[in-house]
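Below is one structure, written out as structure tokens; the observations come after it.
The values are calculated or read from the model by the stated rules, or taken from the named source; none is laboratory data. Remember, it's a predicted structure, so these values are computed and weren't measured experimentally. Cβ sites come from the backbone with ideal geometry, for glycine too, and all protein chains shown count toward neighbours.
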Amino acid sequence: MIEIKNINKTYNAGSDNSFQALKGVSFTINDGEFVAIMGPSGSGKSTLMHILGCLDTPTSGTYFLDGKDVSTLSDDELADIRREKVGFVFQSFNLLPRTTVLRNTMLPLVYAGLDEEHREKKAIKALKAAGLDETHFQHLSNQLSGGQIQRVAISRALVNDPSLILADEPTGNLDTKTGNIVLGTFQKLNEELGRTVILITHEPDVAEHADRIIFIRDGQIVEDGKAHSKRDAKHHV
């Protein structure tokens, strides 16, 4: 599904202030994997996330997503890829506060040109997949708990049926218990629906919910291997 080959990213190239954020990064991620990309602040993981999410392009190297080289696409073409193939979940939720849960989830479908009936059906399906109770569908997003809000954000990421879910520090604003519930939702989406999930985090406890951890430091991959997954521990209880 994802093939990154020798990706480099340099900011302010050619100036005295140039900075190389990524240095020859290469890896593959298969369909249906649950991968955590972990690293400290300044490691390059945010730059890598922006490239994986087609929010930015590399200075050099190639990025294949579903067999298509997206590393050289125009801004408009990247926008099409984001809309059709990538679902984003952010730490800050990014929901409209005075809008219902259902309307928040339907919002991305407005740009897809679907009529309201189809938008509503797809939004309800996504909300159920994210594990939110139907009794909350007509609540305003500012009437929900942090964990419920993040599940709405997950449902909004799912509503366009993307092939990739990219979660950037999705538990950063949540307490540990609520964060574990949200991470369990990602595990369920991966295990039961076969979604490919990439989790960006600096926390080892969060990364261990994935099956594989790619560790990045100073713009380079320093470790890539199987996680001591919490789901494995759960399965052995």
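Descriptive notes on the structure:
- Test: residue in the stretch 11-27 that is in a loop (DSSP other than H, G, I, E, B) and either within 19 Å of the chain's Cα centre (by Cα) or touching a residue at least 60 places away in the same chain (Cβ under 8 Å) (or both): no
- Checking the stretch 143-152 against the condition returns no match, with no residue being in contact (Cβ under 8 Å) with a residue 60 or more places away in the chain and in contact with a strand residue (DSSP E or B) (Cβ under 7 Å, 6 or more places away or on another chain).
- Residue among VAL197, VAL222 that alone is surrounded by 15 or more Cβ atoms within 10 Å (Cβ to Cβ), modelled with pLDDT of 90 or more and aliphatic (A, V, I, L, M): VAL197
- Scanning the stretch 35-52 for residues that are farther than 18 Å from ASN8 by Cβ and touching a Phe, Trp or Tyr at 6+ places or on another chain (Cβ under 7 Å) turns up just one, MET38.
- Subset of the stretch 190-217 (residues that are more than 18 Å from ASP31 (Cα to Cα) and either part of a helix (DSSP H, G or I) or more than 15 Å from the chain's Cα centre (by Cα) (or both)): GLU203, PRO204, ASP205, VAL206, ALA207, GLU208, PHE215, ILE216, ARG217
- Among all positions in the stretch 107-124, there is no residue which is out of contact with any Gly (no Cβ under 6 Å at 6 or more places or on another chain), among the hydrophobic types (A, V, I, L, M, F, W, C) and within 30 Å of PRO204 (Cβ to Cβ).
Listed here are the residues, each with its yes/no results for (1) buried (at least 17 other Cβ atoms within 10 Å of the Cβ); (2) at pLDDT 95 or above; (3) more than 21 Å from ILE165 (Cα to Cα).
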| residue | (1), (2), (3) |
| --- | --- |
| SER92 | no, no, no |
| THR99 | no, no, yes |
| ASN104 | yes, no, no |
| PRO108 | yes, no, no |
| LYS128 | no, no, no |
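- Helices (runs of 4 or more DSSP H) lying entirely in the stretch 54-142 (those with 2 or more residues that are under 30 Å from ASN8 (Cα atoms)): 75-85
- Screening the candidates GLY44, GLY24 for the property of being on the phi > 0 side of the Ramachandran plot and surrounded by 20 or more Cβ atoms within 10 Å (Cβ to Cβ) yields one hit, GLY44.
- Candidates GLY14, GLY113, GLY53 - the one that is of a type in the set (Gly, Ala, Ser) and touching a helix residue (DSSP H, G or I) at 6+ places or on another chain (Cβ under 9 Å): GLY53
- Inter-residue pairs, beta-carbon under 8 Å, first closer than 21 Å to ASN142 by Cβ and in the stretch 100-112, second basic (Lys, Arg) and not in a helix (DSSP H, G or I), 6+ apart: none
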